[in-house]
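Just so you know, all these numbers are worked out from the coordinates, no wet-lab data involved. Source: prediction; values computed, not measured. Here the Cβ positions follow ideal geometry from the backbone for every residue, glycine too, while neighbour counts run over all protein chains shown.
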2 protein chains.
Amino acid sequence: MTSDTRAKMVAGAADLMSRRGVNATSMREVVRHTATPRGSISHHFPRGKQQLIEDAVVFAGRQVSGPLEHLVQSRGAIAGLRTFIALWRQTLEKSKFQAGCPVLAVAVEQYVNDATEKDGAPDEAAQQHLLDLADGVFADWQRIMFTALRREGVAPARARRLAALVIASTEGTVAMCRAARSAQPLEDVRQELELVLSSALAK
Amino acid sequence: MTSDTRAKMVAGAADLMSRRGVNATSMREVVRHTATPRGSISHHFPRGKQQLIEDAVVFAGRQVSGPLEHLVQSRGAIAGLRTFIALWRQTLEKSKFQAGCPVLAVAVEQYVNDATEKDGAPDEAAQQHLLDLADGVFADWQRIMFTALRREGVAPARARRLAALVIASTEGTVAMCRAARSAQPLEDVRQELELVLSSALAK
DNA sequence: GTGAAGTTATGACGATCGTCATAATCGAAA
DNA sequence: TTTCGATTATGACGATCGTCATAACTTCAC
């Protein structure tokens, strides 16, 4: 059994990142928030905070792609869209609009670490790797939508564009809902996206 | 004439926020980046970093709403959409996909300031005010799109939803483009949004 | 030229940060 | 039970952070 502590830290980091962003999530708060031993950080994450963030991004990605892939395969693209949006709506409402998407946080911020970057210049390789991981998560979600649309008869190029629209607009809307402390934008966008998808499927 | 230093600081803060996010943007870096005197911070911004961020959000909002409102009024909703997306595309490409949207950064992060929050709990009022400002900027952009759609015959409720879709999806796509270091998602989303709008206008 | 008000220069303060080194503790094979 | 590796406890290090106090420097009306 791989350490339970490690998993709690990763999940806690993902949660904190979704509420505060990458840079405002300190390792000390992760251990406080998850009631895990501080001394274990360097043991479970030899590459430090960078590694913890990386794992949190992958974790958050799977947390969504799991249910999404399942629903899409059993009930199709439109159900997938509804699931995707419903998942984010839950996250927003359960946290009283405090939590958003940790992957989006990585895509918006720049990870800076004063301890590792002695020369003042941010570690470009580290930042690029984080962006690659975030991009990979987005690509994975898009792939699921893309496959569903293809299976239901949408042409490849169109399916790619529609998948991009669904993921991007949902991510943007989640952030807007957080700013507005309201799920109204998500409901509006869901409605329009359903129209778009069903019109594309009808052809 | 209101100090030129102050304006440079606000613009510099907005730029840094769009590249690094709110919390990774330090006042010392704003000063370095804009070649402004550090001693002037507390003079021009008596409420400190909080005030600087606030001004940067409003500044960034106007920077977009100005051109957007102009183009929308002279050439209509679809031209407005194209302008909105082209603006962000410029920001992305000119910065080699380093800069995104500073307002989105505020909507995604939580502003934490160790100096002001002695008790460990983040200043909730400050954070709420920042979210209100970000929400206001998004609402302003939506209002411009909404008005254009209304003028071109779209029903109120539909116009509201479409405006939300345009703003939210563009914001989300900008972040995705930053993660992917590519403008492809923006192009894909633009294409689909144009289809949606022109179909809504045709009715 | 003399003030006064508007700016800027500079260094300090307390706090948090990520990381590391060292020592203590635990768990299970021998 | 002893021993050894995995895990945790704890405190220190150097760095940056936002803010503030104080003093110096401008600018310009009078």
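Every residue in segment A:175-203 that is closer than 17 Å to B:Glu109 by Cα and at the interface with chain B (Cβ under 8 Å from one of its Cβ atoms), please. Scanning segment A:175-203 gives A:Ala175, A:Met176, A:Arg178, A:Ala179, A:Ala180, A:Arg181. Exactly one residue among B:Val10, B:Val64 is within 16 Å of DNA strand D (Cβ to nearest atom), out of contact with any Lys or Arg (no Cβ under 8 Å at 6 or more places or on another chain), in contact (Cβ under 8 Å) with a residue 24 or more places away in the chain and more than 14 Å from chain A (Cβ to nearest Cβ), and that residue is B:Val10.
Count of segment B:31-57 residues, restricted to those that are more than 14 Å from every other protein chain (Cβ to nearest Cβ), among the aliphatic types (A, V, I, L, M) and within 26 Å of B:Gly136 (Cβ to Cβ), is 3. Applying the set (1) within 14 Å of chain B (Cβ to nearest Cβ); (2) of a type in the set (Phe, Trp, Tyr); (3) part of a helix (DSSP H, G or I) to A:Phe97 leaves exactly one unmet item: (3). Counting the residues of segment B:20-52 that are within 15 Å of the chain's Cα centre (by Cα) and farther than 23 Å from B:His129 by Cβ gives 0. Residue check: B:Arg158 meets all listed conditions (1) facing another protein chain (nearest Cβ under 10 Å); (2) assigned to a loop (DSSP other than H, G, I, E, B); (3) farther than 25 Å from A:Gln110 by Cβ but one, namely (2).
Here is a yes/no grid of residues against (1) within 11 Å of DNA strand C (Cβ to nearest atom); (2) over 26 Å from B:Val108 (Cα atoms):
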site	(1), (2)
A:Thr5	no, yes
A:Lys8	no, no
A:Ala14	no, no
A:Arg19	no, no
A:Ala24	yes, no
A:Arg28	yes, no
A:Val31	yes, no
A:Lys49	yes, no
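Kindly indicate the residue of segment A:31-51 that is of a type in the set (D, E, K, R), away from DNA strand D (no atom under 11 Å from the Cβ) and without any contact (Cβ under 8 Å) to a residue 12 or more places away in the chain and also surrounded by the fewest Cβ atoms within 10 Å (Cβ to Cβ) among those meeting that condition.
Narrowing segment A:31-51 to residues of a type in the set (D, E, K, R): A:32, A:38, A:47, A:49.
Adding the requirement that they be away from DNA strand D (no atom under 11 Å from the Cβ) leaves A:32, A:47, A:49.
Applying the additional criterion that residues be without any contact (Cβ under 8 Å) to a residue 12 or more places away in the chain yields A:32, A:47.
Numbers: A:Arg32: 14, A:Arg47: 11.
For segment A:31-51, the residue satisfying everything is A:Arg47.
When segment A:5-25 is examined, which residues are found to be crowded, with 20+ Cβ neighbours inside 10 Å, β-branched (Val, Ile, Thr) and in a helix (DSSP H, G or I)? Result: A:Val10, single match.
Do we have B:Arg28 as at negative phi, more than 7 Å from DNA strand D (Cβ to nearest atom), surrounded by fewer than 20 Cβ atoms within 10 Å (Cβ to Cβ) and assigned to a helix (DSSP H, G or I) here? Taking the combined requirement at face value, the residue does not satisfy it. Among the numbered conditions (1) more than 10 Å from DNA strand D (Cβ to nearest atom); (2) among the charged types (D, E, K, R); (3) part of a loop (DSSP other than H, G, I, E, B), the only one that B:Glu54 does not meet is (3).
Would a scan of segment B:113-125 turn up a residue that is in a helix (DSSP H, G or I) and surrounded by fewer than 20 Cβ atoms within 10 Å (Cβ to Cβ)? Steps first, please.
As a first pass, look at segment B:113-125 and keep what is in a helix (DSSP H, G or I): B:124-125.
Imposing the further condition that a residue be surrounded by fewer than 20 Cβ atoms within 10 Å (Cβ to Cβ) reduces the set to B:124-125.
Yes, segment B:113-125 contains at least one residue that is in a helix (DSSP H, G or I) and surrounded by fewer than 20 Cβ atoms within 10 Å (Cβ to Cβ).
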